[in-house]
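This report concerns only the one structure given below.
The values are calculated or read from the model by the stated rules, or taken from the named source; none is laboratory data. On a predicted model such as this, the values are computed, not experimentally measured, just so you know. So basically every Cβ, Gly included, is an ideal-geometry build from the backbone, and we count neighbours across all protein chains shown.
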Amino acid sequence: MPELPEVETVCKGLSGVLEGRRLVHVALHRPDLRVPFPAGFADRLTGRMVTAVRRRAKYYQWLLDDGWAVVGHLGMSGTFEVSPPGSNRPPPGKHDHVVIETDAGAIVTFRDPRRFGLMTLIPQAELETHPMLADIGPEPLDDVFDGAMLVAGLAGRRGPIKPALLDQKVVAGIGNIYACEALFRAGISPRRGCDSITGKRAARLVAALKAVLCEAIASGGSSLRDHRTVNGELGYFQHSFAVYGREGDPCPGCDCPGGTVQRIVQAGRSTFFCAKRQR
């Protein structure tokens, strides 16, 4: 499932196409995705101008000039494709569920074969209080997110740190890939208890999270199965994985003789790490 870097990459690609543009035609080719589209969704978007495209956690948000916002999630297989003005675009395929044309002539298509994505409308005044968004934790790339804020988010938790990082109430947008990679960079065992992530250790983990997320965004995200940029290109951060998906490989860049990447299961998810490097 797309994590913060993949959604950020999509939002950056869409901002240049949608921001400041009016939506002159909106077509739905099915009534629902994970949840039904709001009543009159296509008509309510038609004629509206997009004033901003932004991301919150793993959700994209398009702010509209009437005080509403399109809020969506890519699900497991959702992608956006942009066809430039004047391009010879084929007719929508069976998985092209939303097709939008801007006043500049660009076509934006949302494709989702598994239909686990969603797209809805929320008043902008409710974006911080809406049930879908209200309990999301701090953005890890915000300047104010630091070790102390991470410690506060982990307060009262007694389980291991790796599953806690996947809880969107603790920190926004982190998924399995980037939790594994950040813990490796920070030298912290995924088994370590949340109550031991304090002081310098917490600061080290925050720095690792920020670094790995920024590098992944610069690489267009990670394309393991479905993720594509809006131009249809693959992300390539998967070529920089130190541990994720590398069970049995030598521990990269480590001075731990005999160290290999191991895999364990935590909270139903695979965790990849080096037991000798990560303590």
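Per-residue answers, yes or no, for (1) closer than 16 Å to HIS97 by Cβ; (2) touching a Leu at 6+ places or on another chain (Cβ under 7 Å); (3) among the basic types (Lys, Arg):
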residue	(1), (2), (3)
GLU6	no, no, no
CYS11	no, no, no
VAL17	no, no, no
ALA27	yes, no, no
PRO38	yes, yes, no
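How many of the residues in segment 80-111 are charged (D, E, K, R) and part of a strand (DSSP E or B)? I'd like the intermediate steps shown before the answer.
Filtering segment 80-111 for residues charged (D, E, K, R) gives 81, 89, 94, 96, 101, 103, 111.
Then keep just the ones that are part of a strand (DSSP E or B); that gives 81, 96, 101, 111.
The number of residues fulfilling the criteria is 4.
Being β-branched (Val, Ile, Thr) and closer than 15 Å to GLY72 by Cα is the filter; apply it to segment 1-19 and report the residue that is surrounded by the fewest Cβ atoms within 10 Å (Cβ to Cβ).
VAL7
Among the residues that make up segment 224-246, is at least one of them assigned to a loop (DSSP other than H, G, I, E, B) and in contact with a His (Cβ under 7 Å, 6 or more places away or on another chain)?
yes
Would you mind finding the one in ARG158, ARG185, ARG201 that is in a helix (DSSP H, G or I), outside the structural domain of SER83 (by TED's automatic domain parsing), farther than 21 Å from HIS73 by Cβ and touching a helix residue (DSSP H, G or I) at 6+ places or on another chain (Cβ under 7 Å)?
Checking each option against the conditions leaves just ARG185.
Condition check: assigned to a loop (DSSP other than H, G, I, E, B) and more than 11 Å from ALA57 (Cα to Cα). Does ARG191 satisfy that?
So ARG191 passes the test.
Could we say that LYS58 is in contact with a helix residue (DSSP H, G or I) (Cβ under 9 Å, 6 or more places away or on another chain) and charged (D, E, K, R) here?
On the way: in contact with a helix residue (DSSP H, G or I) (Cβ under 9 Å, 6 or more places away or on another chain): yes; charged (D, E, K, R): yes.
Criteria met by LYS58.
Which count do you get for residues in segment 46-87 that are touching a residue at least 60 places away in the same chain (Cβ under 8 Å) and under 16 Å from VAL98 (Cα atoms)?
Residues flagged as touching a residue at least 60 places away in the same chain (Cβ under 8 Å) and under 16 Å from VAL98 (Cα atoms) within segment 46-87 amount to 10.
Given the conditions (1) in contact with a Leu (Cβ under 7 Å, 6 or more places away or on another chain); (2) part of a loop (DSSP other than H, G, I, E, B); (3) of a type in the set (Val, Ile, Thr); (4) not assigned by TED's automatic domain parsing to the domain that holds ARG228, report the number of the one that VAL170 does not fulfil.
(4)
Looking at segment 113-163 only, could you name the residues that are among the hydroxyl-bearing types (Ser, Thr, Tyr) and buried (at least 18 other Cβ atoms within 10 Å of the Cβ)?
Correct list: THR120 only.
Out of ARG228, ARG192, I need the residue that is modelled with pLDDT of 95 or more, crowded, with 17+ Cβ neighbours inside 10 Å and not β-branched (Val, Ile, Thr). Which one?
Values: ARG228 fails: modelled with pLDDT of 95 or more.
One residue alone meets the criteria, ARG192.
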